[in-house]
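Undergrad: Right, I'll just put the structure down here and ask away after.
The values are calculated or read from the model by the stated rules, or taken from the named source; none is laboratory data. Note that the structure is predicted; figures quoted are calculated from it, not measured. Here Cβ is always computed from backbone atoms with ideal geometry, including for glycine, and neighbour counts include all displayed protein chains.
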Amino acid sequence: MNQLRVLIVDDEPLLRRHLQALLAEVWPHASYSDAEDGIAALALLQAQSFDVVFSDIQMPGLDGLGLCKALRQLAKPPLLVFCTAYNQHAISAFELEAVDYLLKPLDEERLHHCVRRIEQRLQQQVSATASLLHLQQLLSQLPSALLATAPQQAALGQSNVQHNVQLAHTADSAAEKDPAGDSAAPLKWIKASLRDTVHLLDVDEVDFFLAEDKYTTVDCAGAQYLIRTPISQLEQHLDPQQFWRIHRGTIVRVKSILKVQRDEFGHMTLQLKTSPTELAVSRAYQALFRQH
């Protein structure tokens with residue numbers, strides 16, 4: 001990976017320097033820039049590319065949420081992390097697909113957890129780009145006569161792939177059945193990847209699932225794994241008594257919840273027993289916690 005380019009956006013100079021000092025401990029070779037508000041940050045982002053942006057939310061001029069919306073218009077938007085003293089914007093932040101939401105004063109352990117998540121996302125981007133370049137290279141080496149028959153071959157290949165996927169699905173489903181043979185039994189194990197290794201995770205040890213781009217992150221025992229199953233499909237195979245959907249992109253294991261917090265604006269967040277991540281509960285799912 002090339003040198004990491006980080007932009008820190010905050011209207012407090014001391015806080016910008018403090019965050020840079022903390023990040024420099026884990027990313028000593030990164031390139032750091034800073035801006036005092038969203039307008040100055042957007043000017044920098046339009047002039048050069050960055051990999052990650054750490055931004056406050058409440059700033060004069062263009063605030064952090066407005067900056068996030070503007071970033072999505074860039075050809076290659078950077079990953080975005082919000083750092084703020086207020087938790088009432090957490091739901092809006094995750095709806096805008098922020099990587100993380102850190103509360104001030106910053107906790108170093110929590111920041112390191114965020115850094116690991118960023119590194120995973122960046123690695124996904126690198127892997128996807130490498131795969132695309134490799135595919136383009138292979139296609140460029142194919143004879144033109146072979147390319148002319150590609151549509152027919154693709155149709156045949158797709159049919160075979162669909163058949164193989166169906167066989168794999170049938171095999172996985174059979175493996176996940178309980179001893180009594182109940183085909184609707186909830187998942188007991190999940191195959192998930194961490195870097196270049198596939199792990200078999202006990203579902204009862206998972207803290208939460210988080211939808212991210214084309215993947216779903218599985219937070220288990222303090223580590224973040226990746227699966228390709230969409231969270232809406234995954235939910236259908238989880239025990240609804242053990243796992244609750246709390247947001248359109250989040251499913252949490254009930255036994256992992258330490259406490260529920262609500263602010264004066266009615267926004268609800270969950271604090272977990274074994275993970276520093278605070279999970280936002282959308283209003284559509286808050287009734288779950290009023291009934292229990």
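Undergrad: Answer yes or no as to whether A280 is surrounded by 14 or more Cβ atoms within 10 Å (Cβ to Cβ) and touching a Gly at 6+ places or on another chain (Cβ under 7 Å). First the steps, then the outcome.
TA: On the way: surrounded by 14 or more Cβ atoms within 10 Å (Cβ to Cβ): yes; touching a Gly at 6+ places or on another chain (Cβ under 7 Å): no.
Spelling it out, it is not the case that A280 is surrounded by 14 or more Cβ atoms within 10 Å (Cβ to Cβ) and touching a Gly at 6+ places or on another chain (Cβ under 7 Å).
Undergrad: Continuing with this model, one more query. If you check L44 against the conditions, is it surrounded by 15 or more Cβ atoms within 10 Å (Cβ to Cβ), out of contact with any helix residue (DSSP H, G or I) (no Cβ under 9 Å at 6 or more places or on another chain) and within 23 Å of R72 (Cβ to Cβ)?
TA: Criteria met by L44.
Undergrad: List pairs: first in the range 222-234 and of a type in the set (S, T, N, Q), second assigned to a helix (DSSP H, G or I), Cβ under 9 Å, 6+ apart or cross-chain?
TA: From the range 222-234, the pairs are Q224/H113; Q224/R116; Q224/R117; Q224/Q120.
Undergrad: Can you list residue pairs whose Cβ atoms sit under 8 Å apart, with the first residue in the range 260-278 being at negative phi and of a type in the set (G, A, S) and the second being at pLDDT 85 or above and part of a strand (DSSP E or B)? Count only pairs 6 or more apart in sequence or on different chains.
TA: From residues that are at negative phi and of a type in the set (G, A, S), the pairs are S275/D207; S275/F208; S275/D219.
Undergrad: Among what's in the range 69-88 and is within 16 Å of the chain's Cα centre (by Cα) and at pLDDT 90 or above, pick the residue that is surrounded by the fewest Cβ atoms within 10 Å (Cβ to Cβ).
TA: It comes out as P78.
Undergrad: Which numbered condition trips up H267, out of (1) at pLDDT 90 or above; (2) more than 17 Å from the chain's Cα centre (by Cα)?
TA: Failed condition: (1).
Undergrad: Quick check on the range 57-88: of everything there that is in a strand (DSSP E or B) and aliphatic (A, V, I, L, M), which residue is nearest to V281 (Cα to Cα)?
TA: V81
Undergrad: Would you pick out the residues in the range 20-32 that are touching a Leu at 6+ places or on another chain (Cβ under 7 Å) and aliphatic (A, V, I, L, M)?
TA: Residues satisfying the conditions are L22, A30.
Undergrad: Within the range 18-39, which residues are farther than 17 Å from E119 by Cα and exposed (fewer than 14 other Cβ atoms within 10 Å of the Cβ)?
TA: A21
Undergrad: Within the range 41-63, can you find the residues that are of a type outside the set (A, V, I, L, M) and under 19 Å from the mean Cα position of the chain (by Cα)? Even if it seems obvious, please write down each step before you answer.
TA: Of all residues in the range 41-63, those of a type outside the set (A, V, I, L, M) come to 46, 48-51, 54-56, 58, 60-61, 63.
Residues satisfying the conditions are F50, D51, F54, S55.
Undergrad: Quick check on the range 89-104. Is at least one of its residues in contact with a helix residue (DSSP H, G or I) (Cβ under 6 Å, 6 or more places away or on another chain), over 21 Å from T217 (Cα atoms) and modelled with pLDDT of 85 or more?
TA: No, the conditions are met nowhere in the range 89-104.
Undergrad: Taking interchain pairs and intrachain pairs at least six residues apart, which have beta carbon atoms under 7 angstrom, with the first residue in the range 74-86 and under 11 Å from Q46 (Cα atoms) and the second among the hydrophobic types (A, V, I, L, M, F, W, C)?
TA: Listed pairs, sorted by first residue: L74/L45; P77/L71.
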